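Taking it in order: structure first as structure tokens, then the write-up.
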Amino acid sequence: MTTLRGPRVRAAELIGSGGWLNTGGRQLTLADLRGKIVLLDFWTFCCVNCLHVVDELRPIEQKYAKGDDAVLVVVGVHSPKFVHEADHNAVVAAVERYGIEHTVLDDPELKTWDAYAARAWPTLVVIDPEGYVVAHLSGEGHAHGLDGLIAELIAEHDAKGTLRRGDSPVVPTVSPSSELRFPGKALALPDGAVLVSDSGHHRLVVLEPDLETVRTRIGGGQRGFADGGANEAKFSEPQGLCLLPDDVASAVGYDVVVADTVNHALRGLRLDDLAAGTIAGTGNQRMTSFDVGATAARETELSSPWDVAWWPAIGKLIIAMAGTHQLAAFDPFRETIEVFAGTGHEGLIDGGLDDAWFAQPSGLAVDGDRLWVADSETSALRWISGGEVKTAVGQGLFRFGHKDGQAADALLQHPLGVTALPDGSVAICDTYNGAIRHYEPATATVSTLANGLSEPSGAVVANGNLVVVESASHRLVAISLASKYLDVEAREFATQRATTEIAPGKFTLQVAFTPPTGQHFDNSFGPATKLSVSATPSELLLDGAGEGEELIRTLVISDTPNGVLHVTVSAATCDDDDEHAACHLHQQDWGIPVRVAIGGVDHLDLMLRGMAERTTT
């Protein structure tokens, strides 16, 4: 396997026109951090894989970055994909929303991203106390290896006298108080009240029909994972909510299913005594896509379930499994879970349930024999009927905007919610446009129902209105279903990531991966490494598409002018300690915008885990 080797490289300066967060207003430089081990986390707040890494890093921060003996400084370099994510106020809100306690550099122009040759979210870079890059990693699953690398660097630089302890630059931001904090989704209850997933407070809240008066709270308000009554139950950033039909609820013993997103679990809530219990998930994140076949729900790992919906047509609960870019199906009677749709690859491809691609599905709604899906990363509205996945609105991973009109030309920006309306049309929570959009299936047209909202993330029809979760304003608002449509100026955007110019003809793709110290490749469950390559449009690749074990491959590129190269890689490793060995999975998806041109590069080097040489004394 390939490894990053060569002369030691000085870390580039940390530059971002948005400035620094969680530093008390201090503007940091690499010189300020000399003597510390620095971990750069290139992230963007739309990216569920980035949010997984934020959670992976929490134990590492607790171990090495806090207290009088702190040796590590974590810097979250916010590198936006969507236009909305370049808004500094949105970054400030995201840092609070996700409980990020390390320093954050807001880099809306991707200057530091480019300086460190980042190609994917998330990317991690480790800098030693002398200011040299020692590791470059992409994707998830690196926490164990990082722990070992940091321990090595501590020993090395303690011996050299170049390690500085204590004196952390972190100054936590104090969050203002409010009854709701970054609520996610809402559910109309039979008596007119509204149940809200109060995600920022890690709890559920029942509001009276006025949408302001609190009837009751479920969950202690602190991040955790515990079953029990309203005061004992604990959640972690819950999102989707689904009220089961009466006959189903009576049979299974709970009324509401909660997508407990960061606990990677489903919880069942009884409305009579407000007790919550785990019905699916183990509390651990699933690191691979779902395979075919039903498994015991409480023994099956999930990955960031974002929304849930009961579909009478199949008699099961559909789960928007954002973390694996799939939809799953939960059978509450048999207590099993299985893949329902999606390959696990990230993108916008229609077709049969087993062939379609999704990208962070985050909202679900059922209307008869049709299931609607808000597919956030492709800024798309999708639907499923008759075993086929189709796209109503959406242009792919890198095109988005606010444009009404014929659905084939209309644009959204990272929608997180979808609601089936009584007349058969659909309301879309167009989250990063701050709008509620309306899709009319009969005419295949898109219009704007409301604008100027703060990250609407979910909506429900309740008491004759469309009740919208205005997440970044920490409230619910009611919009009349009779509201007139707005005339909004069309805006079209493409991701600001640089397009890679590649040459037609033979092309070499290579992914570097070095197992962490104390680990070896693990073939226990099949090949230790897997590489999958495809393209949008498929005509971009004349040869070389498909899956294989080797992390180097020869492709043949056509003269198709523009497209996206999709690369998925995973590497399985296991600890060398035979008695207490743990196994680990490192993985990443790349969606690389390319332009085919004479004179373009004929090779592409990607880094899953690369280590630079270090000089030790």
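The table for this structure:
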| item | result |
| --- | --- |
| Failed item in (1) in a helix (DSSP H, G or I); (2) over 30 Å from H402 (Cα atoms); (3) in contact with a strand residue (DSSP E or B) (Cβ under 6 Å, 6 or more places away or on another chain), with L14 passing the rest | (1) |
| Candidates F340, F358, filtered to the one that is closer than 27 Å to V569 by Cβ and more than 14 Å from the chain's Cα centre (by Cα) | F340 |
| Considering residues of the stretch 152-175 that are more than 23 Å from F42 (Cβ to Cβ) and among the hydrophobic types (A, V, I, L, M, F, W, C) only, the residue farthest from the chain's Cα centre (by Cα) | A159 |
| Tabulated pairs, the stretch 237-266, first without any contact (Cβ under 8 Å) to a residue 24 or more places away in the chain, second part of a strand (DSSP E or B) and aliphatic (A, V, I, L, M), C-beta under 7 angstrom, 6+ apart or interchain | D255/L243; D255/L269 |
| Residues located in the stretch 206-233, provided they are surrounded by 20 or more Cβ atoms within 10 Å (Cβ to Cβ) and not in a loop (DSSP other than H, G, I, E, B) | V206, L207, I218 |
| Output for the stretch 555-610, where each listed residue is aliphatic (A, V, I, L, M) and closer than 18 Å to P515 by Cα | V569, A571, A572, A581, A582, L585, L606, M607, L608 |
| Filtered residues of the stretch 498-556 (kept if among the charged types (D, E, K, R) and either more than 27 Å from H142 (Cβ to Cβ) or within 25 Å of the chain's Cα centre (by Cα) (or both)) | E501, K506, K530, E539, D543, E547 |
| Selected residue [among the charged types (D, E, K, R), touching a Leu at 6+ places or on another chain (Cβ under 9 Å) and either closer than 21 Å to Q413 by Cα or at pLDDT 95 or above (or both)] from D350, D331 | D331 |
| Filter pass, G546 being assigned by TED's automatic domain parsing to the domain that holds A612, at positive phi and touching an Asp or Glu at 6+ places or on another chain (Cβ under 6 Å) | no |
| Residues located in the stretch 373-401, provided they are crowded, with 24+ Cβ neighbours inside 10 Å and closer than 15 Å to L421 by Cβ | A374, L381 |
| Residue list for the stretch 20-70, restricted to those being closer than 16 Å to H142 by Cα, among the acidic types (D, E) and part of a helix (DSSP H, G or I) | D55, E56, E61 |
| Hey, Y439 in contact with a helix residue (DSSP H, G or I) (Cβ under 9 Å, 6 or more places away or on another chain) and among the hydroxyl-bearing types (S, T, Y) or not | no |
| Residues satisfying the stated conditions in the stretch 538-597, i.e. in a loop (DSSP other than H, G, I, E, B), within 22 Å of D355 (Cα to Cα) and without any contact (Cβ under 8 Å) to a residue 24 or more places away in the chain | A545, E549 |
| Enumeration of residues in the stretch 455-473 that are over 23 Å from the mean Cα position of the chain (by Cα) and farther than 20 Å from A259 by Cβ | N463, G464, N465, L466 |
| Residue match in the stretch 415-432 (condition: buried (at least 23 other Cβ atoms within 10 Å of the Cβ), under 21 Å from the mean Cα position of the chain (by Cα) and assigned to a loop (DSSP other than H, G, I, E, B)) | yes |
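One line per residue, one yes/no per condition, for (1) without any contact (Cβ under 8 Å) to a residue 40 or more places away in the chain; (2) in contact with a strand residue (DSSP E or B) (Cβ under 7 Å, 6 or more places away or on another chain); (3) among the basic types (K, R); (4) within 22 Å of D87 (Cβ to Cβ):
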| site | (1), (2), (3), (4) |
| --- | --- |
| T391 | no, yes, no, no |
| H402 | no, yes, no, yes |
| A407 | yes, yes, no, no |
| V418 | no, yes, no, no |
| D423 | yes, no, no, no |
| N433 | no, yes, no, yes |
| V461 | no, yes, no, no |
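The values are calculated or read from the model by the stated rules, or taken from the named source; none is laboratory data. If you're wondering where the values come from, they're calculated on a predicted model, not measured in any experiment. Heads up, the Cβs are rebuilt from the backbone with ideal geometry, glycines too, and the neighbour counts pull from every protein chain shown.
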